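> Got a structure for you, written out below as structure tokens; questions coming shortly.
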Amino acid sequence: MHIANAATGFRQSLAAPTPTRPLLAAGAVNAMAARLAAEEGFDALWVSGLEVSAALGLPDANVLGVRDLADVVGALGRVTERPVIVDVDNAGGALGTAARFATDLARAGAAAICLEDSSYPKCNSFATHSSQQLADVDLVTRQIERIRKAVGDDLVVIARTESLITGSGMAEALARSTRYTEAGAEAVLIHSKDPTGSEALRVARQWRRAIPLVTVPTAFPQLTADELGRAGFRLCIYANQFSRAALAGMRAAARQFTREGTFRTSTDAPLAAVGELLRIGEPDALSCI
Ligand code: SPV
Ligand code: MG
């Protein structure tokens, strides 16, 4: 029951006609990030392959298993009911693995999964040490069909194409998107690493379909959520900014300690109160610090 509700509510939000305000999803690698995202008004959470891999000290290269992701979904669900979208990468590059990712994540409480068409083993879209290849379009199409057969409507399926990341071009991106939606995907993400943002805006201009369009604006942060919404994107996924902020904040605090021998709070290295940390897992907790 709970499983179907998570997907149903998210599906309705995706379909709601709001011309300028896209849904906003934040990468949440743990309950602390999820609580923060919910309190600050994000509509949904993104379980990022990159963030979860980094948190576990692993490469973003098809090393995560479905249980790693399901554990994170469970942790987020302890502190917020915001819908959770899980980045399943290429879901193991096979039909059986795709079905297992879908069933286990639906059971864990996810509202949606995002399946990408990178070939197995994948590498991160922004990595320059290794090159990204596209998976066979028929394989990805059959993965989507298999996911649908496994979970029915209990998950929203977002299909992501890496066509622009691999330099295969806009025509390929649009043709693949058509195949994926015909196979049962309900939203499409055409990923872009163009730092000017003009490629992403071109995607939105050429997208003349009722299917919701999704963007991950990591490479083009100069475009605001409102601008992306007006361009036609229905969902903006801020995939890794909280982990990057945490990394920068931890480094600033550590450097201040090395310099001054104390963790006293300063504007350069602000620290949340101990009570804030205590209240992530126990909302009514009180603290003297
Ligand atoms: C992730 O967050 O793992 C993503 C988004 O897939 S990106 O890193 O931008 O490819
Ligand atoms: Mg990823």
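Just so it is clear, none of the values below were taken in a lab; they were calculated from the coordinates. These figures come from a predicted structure and were not determined experimentally. Neighbour counts are summed over all protein chains in view; Cβ atoms, including those assigned to glycine, are modelled from backbone coordinates with ideal geometry.
> Taking the Cα centre of the chain as origin, work out the dipole magnitude from +1 charges on Lys and Arg Cβ and -1 charges on Asp and Glu Cβ, in debye rounded to 20.
The calculation lands at about 260 debye.
> Can you compute the radius of gyration and Dmax for the chain, using only the Cα atoms, both in Å?
Reported Rg and Dmax, both Å: 19.2, 61.
> Karplus couplings for segment 137-153 from phi (6.51 cos²θ - 1.76 cosθ + 1.60, θ = phi - 60°), rounded to Hz, Gly and Pro as x?
Running phi through 6.51 cos²θ - 1.76 cosθ + 1.60 with θ = phi - 60° gives 4, 5, 4, 5, 4, 5, 4, 5, 4, 5, 4, 4, 5, 6, 10, x, 8 Hz.
> Hey, another quick one. Can you put His191, His129 in order, fewest other beta carbons within 10 Å first?
His129, His191
> Quick one: net charge around Ala55, please, counting Lys, Arg +1 and Asp, Glu -1 for every other residue with C-beta under 15 Å from its C-beta.
Residues close to Ala55 contribute a combined charge of -3.
> OK, next. Amide H neighbours of Val156 under 5 Å, counting only residues 5+ apart in sequence or on other chains, H built in-plane at 1.01 Å?
Ala112, Ile113
> Then there is this: Relative contact order for the chain: what is it in percent, counting Cα pairs under 8 Å that are at least 6 residues apart?
Across the chain, relative contact order equals 19 percent.
> Please get the size of the charge dipole for segment 248-288, origin at its Cα centre, with Cβ charges of +1 on Lys and Arg and -1 on Asp and Glu, quoted in debye to the nearest 20.
260
> Working from the pairwise distances between different alpha carbons, so that the mean of 1/r is found and then inverted, what is segment 248-288's Kirkwood radius in Å?
Roughly 11.3 Å, rounded to one decimal.
> With n ≥ 4 as the cut-off for DSSP H runs, can you work out [θ] at 222 nm for the chain, using -39500 (n - 2.57) per run divided by the number of residues, rounded to the nearest 500?
-14000 deg cm²/dmol
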